[in-house]
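S.K.: Have a look at this one.
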Amino acid sequence: MNKESKFFIAGHRGMVGSSIVRALAAQGFNDLVTRSHAELDLTNQQAVKEFFEVEQPDYVVLAAAKVGGIWANNEYPADFIYNNLMIETNVIHQAHKAGVKQLMFLGSSCIYPKFAEQPMQESALLTGVLEPTNEPYAVAKIAGVKLCESYNRQYGTDFRSLMPTNLYGINDNYDLDNGHVIPALIRKIHEAKESQKDAVEVWGSGRVKREFLYVDDLADACLMLMAMDKNDFKKGVPELCSHVNVGSGKDVSIKELVELIQQVVGYSGKVLWDSSKPDGTPRKLLDVSRAAKLGWEASVELEEGLKLAYQSFLSKDA
């Protein structure tokens, strides 16, 4: 990649996309093409076709997606599978038609089976049943990986895929219904502190374990692996395009996470666990040895990242 390369960052307003835009700008890449949903509906095939014909980007980062937590995935399964399939199909196909040098597809660790051996290796894909609470979203993300593999196989494209673990950080979604676990907990615990509540209610048992990655670490991985020569990348990822797990390599129980957030927020009230609500997958820890062999590892520890995320929440809340 040279500094004159043109990048299209799909989903630049989201937490991941905005982090990648910041990282590219910090490295001196100035030709960054972005479009809001109002300006370009990525589920609209003709609109995406016309966009690529006009803009002709050199590189594409596909960070756009319909995302949400357990509640949103349960309530709107059709929206999650339809929107994500349409976005991926349109962008990946038109990237091929426009002859882009490289596309980076950002997936999710939920692509792996519910009871996959831990830590989950890339080879675990399609070896078992998925977690029911987010199966439609996971199926769409699996399709994205396979689209990249298939275009590479048939057309010789350079489409790469990263599978990040649970993300959090600057510009997160703090909606209690649609947000993921960390932003939802930050907001819930902050509001309990502000209203001087004696207790806060949290979904599930608190026993399940999750891995978390600060979003700027993902952006760092994305740029480093995009900059890697195609042949060098293939040596690390031999199965065509395949995909690379990106995570911290560490997990914590939700109970431990809640305690950390309480410390960061400064809330000492009780935690009431609502075990009638779903826990989701018992454990989700990625095997990140492939990323390590390619030369990347996470740098932001969870406690440090939570402090940064809370400051970001306070700024948005102000």
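Nothing in this text is a laboratory measurement; each read-out follows from the coordinates by a stated rule. Keep in mind it's a predicted model, so treat the numbers as computed, not measured. For neighbour counting, all protein chains shown are included, and Cβ atoms are generated from backbone atoms with ideal geometry for every residue, glycine included.
S.K.: List 1, 163 from most exposed to least, where exposure is judged by having the fewest other Cβ atoms within 10 Å. Before the final figure, lay out each step's value.
M.R.: On the way: 1 16, 163 25.
Starting with the residue having the fewest Cβ neighbours, the order is 1, 163.
S.K.: Helix 181-194 versus the longest principal axis of the chain: what angle, 0 to 90°, nearest 10, using Cα atoms?
M.R.: For helix 181-194, the angle is close to 40 degrees.
S.K.: Which distance in nm do the two modelled labels at residue 304 and residue 26 give, with both placed 7 Å along the Cα-to-Cβ direction?
M.R.: Using points 7 Å along Cα→Cβ, the separation is 1.2 nm.
S.K.: Between 0 and 90 degrees, rounded to the nearest ten: what's the tilt of helix 45-55 against the longest Cα principal axis of the chain?
M.R.: So the helix axis and the longest Cα principal axis differ by about 60 degrees.
S.K.: Give the shape of the stretch 163-207 as rounded, prolate or oblate, defined through the alpha-carbon gyration tensor: a ≥ b ≥ c are the square roots of its eigenvalues, a/c under 1.5 means rounded, and otherwise the shape is prolate if a/b is larger than b/c and oblate if not.
M.R.: Details: a/c = 2.65, a/b = 1.53, b/c = 1.73.
In terms of gyration-tensor shape, oblate.
S.K.: What do the square roots of 5 times the Cα gyration tensor eigenvalues come to for the stretch 54-196, in whole Å, largest first, as semi-axes of the equivalent ellipsoid?
M.R.: Details: eigenvalues 182, 72, 36 Å².
Whole-Å semi-axes of the equivalent ellipsoid: 30, 19, 13.
S.K.: The chain: longest stretch without exposed GluC sites (Glu not before Pro) (DSSP loop, at most 15 other Cβ within 10 Å), sites themselves excluded? Before the final figure, lay out each step's value.
M.R.: Details: sites that count: 4, 39, 117, 239, 297, 301.
By the stated rule (loop sites, at most 15 other Cβ atoms within 10 Å), 118-238.
S.K.: Take the Cα radius of gyration of the stretch 279-318 and divide it by 2.2 N^0.38 Å, with N its residue count; two decimals is plenty. Don't skip to the answer; put the middle values down first.
M.R.: Values: Rg = 15.0 Å, N = 40, 2.2 N^0.38 = 8.9 Å.
Expressed relative to 2.2 N^0.38 Å, the Cα Rg reads 1.68.
S.K.: Also: Does a label point 7 Å from the Cα of residue 79, set along Cα-to-beta-carbon, have any residues of the stretch 2-31 with amide nitrogen under 18 Å, and which are they?
M.R.: So the set is 14-15.
S.K.: Could you give the nm distance between label points at residue 232 and residue 38, where each point is 7 Å from its Cα heading toward the beta carbon?
M.R.: It works out to 4.2 nm between the two label points.
S.K.: What is the stretch 91-216's relative contact order, in percent, from Cα pairs under 8 angstrom and six or more apart in sequence?
M.R.: Numbers: 137 pairs, mean separation 31.5, N = 126.
Result for the stretch 91-216 is 25 percent.
S.K.: Which whole-number percentage describes the relative contact order of the chain, with Cα contacts under 8 Å and a sequence gap of 6 or more? Could you put the intermediate results ahead of the total?
M.R.: Values: 595 pairs, mean separation 63.8, N = 318.
The value is 20 percent.
S.K.: Moving on. Separation between the residue 1 and residue 271 pseudo-spin-labels, each 7 Å from Cα along Cα→Cβ, expressed in nm?
M.R.: 3.7
S.K.: Another one. With N set to the residue count of the stretch 4-132, report its C-alpha Rg divided by 2.2 N^0.38 Å to two decimal places.
M.R.: Numbers: Rg = 16.1 Å, N = 129, 2.2 N^0.38 = 13.9 Å.
Computed over Cα atoms of the stretch 4-132, the ratio equals 1.16.
S.K.: By how many degrees, 0 to 90 and rounded to 10, does the Cα axis of helix 77-98 deviate from the longest principal axis of the chain?
M.R.: For 77-98 against the chain, the angle is about 30 degrees.
S.K.: Then there's this: Given bins 20 angstrom wide, list per bin the percent of all Cα-Cα distances in the chain, short to long.
M.R.: Taking every Cα pair in the chain, the percentages come to 33, 58, 9, 0.
S.K.: Hey, another quick one. Using R₀ = 22 Å, calculate the FRET efficiency as 1/(1 + (r/R₀)^6) where r is the Cβ-Cβ separation of residue 101 and residue 292; round to 0.05. Mind showing how you got there, number by number?
M.R.: Values: r = 26 Å, r/R0 = 1.17.
Efficiency computed from Cβ-Cβ geometry: 0.30.
S.K.: While we're on this one: P(r) tail for the stretch 175-318, what percent of Cα pairs lie past 27 Å?
M.R.: For the stretch 175-318, the fraction of Cα-Cα distances above 27 Å is 33 percent.
S.K.: With a Förster radius of 25 Å, plug the Cβ-Cβ distance of residue 253 and residue 196 into 1/(1 + (r/R0)^6) and report the FRET value to the nearest 0.05.
M.R.: Working: r = 27 Å, r/R0 = 1.09.
Computed FRET efficiency for residue 253 and residue 196 comes out at 0.40.
S.K.: Quick one: compute the contact order of the stretch 197-298, relative version, from alpha carbon pairs under 8 angstrom and 6+ residues apart, as a percent. Don't skip to the end; give the middle numbers.
M.R.: Numbers: 128 pairs, mean separation 54.3, N = 102.
Value for the stretch 197-298: 53 percent.
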